[in-house]
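One structure is given below, encoded as structure tokens.
What follows draws every value from the coordinates through simple rules; no lab data is involved. Because the structure is a prediction, the values reported are computed rather than measured. As a convention, Cβ positions derive from the backbone with ideal geometry for all residues, glycine included, and neighbour counts pool all protein chains shown.
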Amino acid sequence: MKLKPLGDRVVIKKIEAEETTKSGIVLPGSAKEKPQMAEVVAIGPDVNRDDKTVLNVGDKVIFSKYSGNEVKLDGEEFTILNLSDILAVIE
Amino acid sequence: MKLKPLGDRVVIKKIEAEETTKSGIVLPGSAKEKPQMAEVVAIGPDVNRDDKTVLNVGDKVIFSKYSGNEVKLDGEEFTILNLSDILAVIE
Amino acid sequence: MKLKPLGDRVVIKKIEAEETTKSGIVLPGSAKEKPQMAEVVAIGPDVNRDDKTVLNVGDKVIFSKYSGNEVKLDGEEFTILNLSDILAVIE
Amino acid sequence: MKLKPLGDRVVIKKIEAEETTKSGIVLPGSAKEKPQMAEVVAIGPDVNRDDKTVLNVGDKVIFSKYSGNEVKLDGEEFTILNLSDILAVIE
Amino acid sequence: MKLKPLGDRVVIKKIEAEETTKSGIVLPGSAKEKPQMAEVVAIGPDVNRDDKTVLNVGDKVIFSKYSGNEVKLDGEEFTILNLSDILAVIE
Amino acid sequence: MKLKPLGDRVVIKKIEAEETTKSGIVLPGSAKEKPQMAEVVAIGPDVNRDDKTVLNVGDKVIFSKYSGNEVKLDGEEFTILNLSDILAVIE
Amino acid sequence: MKLKPLGDRVVIKKIEAEETTKSGIVLPGSAKEKPQMAEVVAIGPDVNRDDKTVLNVGDKVIFSKYSGNEVKLDGEEFTILNLSDILAVIE
């Protein structure tokens, strides 16, 4: 089973980030706030309009907390949100 | 009796999903949250505009929780919602 | 006396539906929820725009609960609502 | 003194309707709900736009309850509301 | 000092109306509700657009209660509001 | 340090007005309500669009109470607000 | 890791301003309110549209309090907000 988002919606999968402080200490995921980092899993047909690439599958993104709809499929948790809830790509 | 939705509205029928976890265990419908999965039963004339097919009758879709109007017809429960409340198609 | 709705408004008359379950049992109107089914009594000049028939007088429709204004005329109850509150036609 | 409404505003005067039930019994005005019936007293310059007559002075209309601004002039009560708060004309 | 309103704003000065009932009795200003009658003191450059005179300085108008900003200048009270809060001109 | 507002924003500095009543008595600033009078300190590039001068630096203006963002720079208090929160110029 | 904002979003880093009063006394950051001053770290592709430079990386800006999303990356705190939440540039 695969999710094919409609319009300018994006399917993401939240990722538990390991955070490295400047001094090099790694904080495990459990010691942090609600994750806001995710990987793009699927994008709707209106996301990359007019031959302008805004987002690609596989991109790591920052998204707006509390936005989107959470969906469970085949035991995995996904979030479907609007492109406007994606704030930035992490490079 | 048949429902013919107006404008860009869609008639769906919620489906009780059997959820299979990665380890293969099947959770019966009653052990889960409110279903968000549905089958498209009828689509309004403005859903597939400009010869662009967005949705077909029979599609399995994910829809936005708490959206739409519930209607009972011939003893069956349907939900009528706007196309914008359909988040993704499941393939 | 006759109601002539303005713009894209529609005058409907709610109908108490007799509901037949799949097993054939008829539930009288009083055993059910607030009716959402109605018959179109009059339509405003902007309902069927651009020679596109959306609604006809006499159509049976499903409308959005809690929408519209209730009006009493000659002892009869009518509801005046916007076309956008009509969800589907029943055929 | 005369009220000349601006834009698409309409000045109406509420009328206490005598309601005749189907069996012919007349209910006096005091036995009913807040009146929603009114007579059009004056119309703004933008009401009948593009040579399309929507409303005439003297028309009996149904208006949306709780809308509009009540004004007292020369001891008489008027209501000034937007054209969009006029739901239907009674013929 | 003089107020020159911006855009489609209007400066008005509320007037305490003496109200004459049909029988000719004059009610002094203190016996009435909050005044809604005012005289236009100044109009912004966008009020009479496209050579269409909507309002003139000196016009007596009815305005929407609770709208606008009250300003004190040289000991006098003025109200600055949008043209859309002016409901009608009294002639 | 200097503030250069973006878009149609305006930087103002509130001024404590001395109010002279008609009889000539001067009320000191402390005896009055929150000041609504200000001097324009800087204007964004979109304020005077299409060669139409709406506002100049140095203008005394009346602005909408409670609007805008207060900013402290070099020990001085400024308010940054939208052009639409400027109600009138005092001449 | 680097943040690449989407659309007209801007990534900023708040700066703790040392405030010098007119008399020359320096107030340390801790003695002041929530900082509203920031440095622009990255700008989305739609910020400087139509060859019109609105903002540059490195600009010191004043932004609207309580706006934006806070993000932690590599142990550093950033804020991602819309261009419309940037009020002014400090020169």
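Per residue, how much space in cubic angstrom lies within the convex hull of the C-alpha atoms of the stretch B:36-86?
Numbers: hull volume 4.2 nm³, N = 51.
Residue-normalised Cα hull volume stands at 83 Å³.
Each peptide in G:66-79, B:70-83 receives the mean, over its residues, of other Cβ atoms within 10 Å, and ordering these scores from highest gives B:70-83, G:66-79.
Sorting D:Asp50, B:Asp85 by the number of Cβ atoms found within 10 Å of their own Cβ, with the fewest placed first, yields D:Asp50, B:Asp85.
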